[in-house]
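Asks: Could you have a look at this structure, given as structure tokens, before my questions?
Nothing in this text is a laboratory measurement; each read-out follows from the coordinates by a stated rule. Bear in mind that the values here come from a model prediction, so they are computed numbers and not experimental data. Every residue, glycine as well, gets a Cβ built from its backbone with ideal geometry; the counts of neighbours run over all protein chains shown.
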Amino acid sequence: MRHGEMGTATRGTEARLAGDEDLRMIPRWSMVLAVVLFVGMQYIFHGVMPHHRHEMLPLRLMMGYAWGSMFASYALLLGYVSRDVKRRGMSAGLWMLVCVVLPGGMGAVVYFLLRQPVLSRCPNCSTSIAASYHFCPQCQFQIAPVCGKCHRGVKITDAFCTLCGHDLAEDGAPARLHVYSD
């Protein structure tokens with residue numbers, strides 16, 4: 001495997017792991033509700049609706065699966081939003097109301113457009129901070145590596161700043177940020 005291919009494979013693995021983490025955020029109640037809604041739609045289209053015309057069976061099958069899939073997907077989406085909203089420090093009641101009241105999944109679209117960034121905790125003082133911060137705004141604890149010259153974020157594996165070319169070894173970064181340096 002060449003060097004460029006290895007980077008692509010690593011990015012693919014990272015994306016797959018991030019997707020798995022997102023799927024694990026869907027609560028069990030949402031999964032159970034999705035199954036119940038899907039089975040309920042099958043019951044409605046095959047048990048409740050009259051089916052004295054057998055030539056309509058393919059249409060009933062298609063409609064049962066389509067409506068069942070749509071309601072099941074909506075239940076899974078509501079479950080995801082219910083967990084994601086808490087992770088981002090937003091009002092769970094408000095966003096669940098918006099997602100349920102606005103028709104056709106528009107509430108979920110509005111949520112995904114307006115949601116806040118994921119918050120994390122400062123390891124030093126436990127202040128809630130955005131994931132993009134390099135320093136804690138309360139205690140100045142360095143969370144991510146930055147260039148000592150231009151003060152822009154750098155990767156932990158970089159030897160030189162990608163923007164100004166500064167030698168990052170000269171900065172004397174905290175020991176916890178020297179994981180890959182040796």
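Asks: Where does each of ASP22, ASP84 land when they are ranked from fewest to most other beta-carbon atoms within 10 angstrom?
Replies: Working: ASP22 12, ASP84 19.
Lowest count first: ASP22, ASP84.
Asks: Evaluate E = 1/(1 + (r/R0)^6) for ASP167 and CYS139, where r is the Cβ-Cβ distance and R0 equals 22 Å; express this FRET efficiency to the nearest 0.05. Walk me through the intermediate numbers first.
Replies: Numbers: r = 28 Å, r/R0 = 1.26.
Efficiency, rounded to the nearest 0.05: 0.20.
Asks: Another question about this same structure. Which is farthest toward the positive dipole end of segment 3-116 among SER69, HIS51, MET96, measuring Cα position about the Cα centre, with Cβ charges +1 (Lys, Arg) and -1 (Asp, Glu)?
Replies: In segment 3-116, that residue is MET96.
Asks: Give me LYS155, LYS86 sorted ascending by neighbouring Cβ count inside 10 Å, so fewest comes first. Before the final figure, lay out the partial values.
Replies: Numbers: LYS155 10, LYS86 13.
In order of increasing Cβ crowding within 10 Å: LYS155, LYS86.
Asks: Taking other Cβ within 10 Å of each residue's Cβ, how do CYS136, CYS99 sort, fewest first? Let's see the in-between values first.
Replies: On the way: CYS136 18, CYS99 22.
Going from sparsest to densest Cβ surroundings: CYS136, CYS99.
Asks: Calculate, in nm to one decimal, what ASN124 and GLN42 gain on full extension: separation in residues at 0.36 nm each, minus their alpha carbon distance.
Replies: Stretched fully, the ASN124-GLN42 segment lengthens by 24.1 nm.
Asks: If I stretch the segment between THR157 and LEU113 completely, what's the gain in nm (0.36 nm per residue apart, minus their alpha carbon distance), one decimal?
Replies: Length difference between fully extended and current span is 12.6 nm.
Asks: Apply the Karplus parameterisation 6.51 cos²θ - 1.76 cosθ + 1.60, with θ equal to phi minus 60°, to every residue of segment 58-64 and state each ³J(HN,Hα) to the nearest whole Hz, in sequence, with x for glycine and proline.
Replies: x, 5, 4, 4, 5, 5, x
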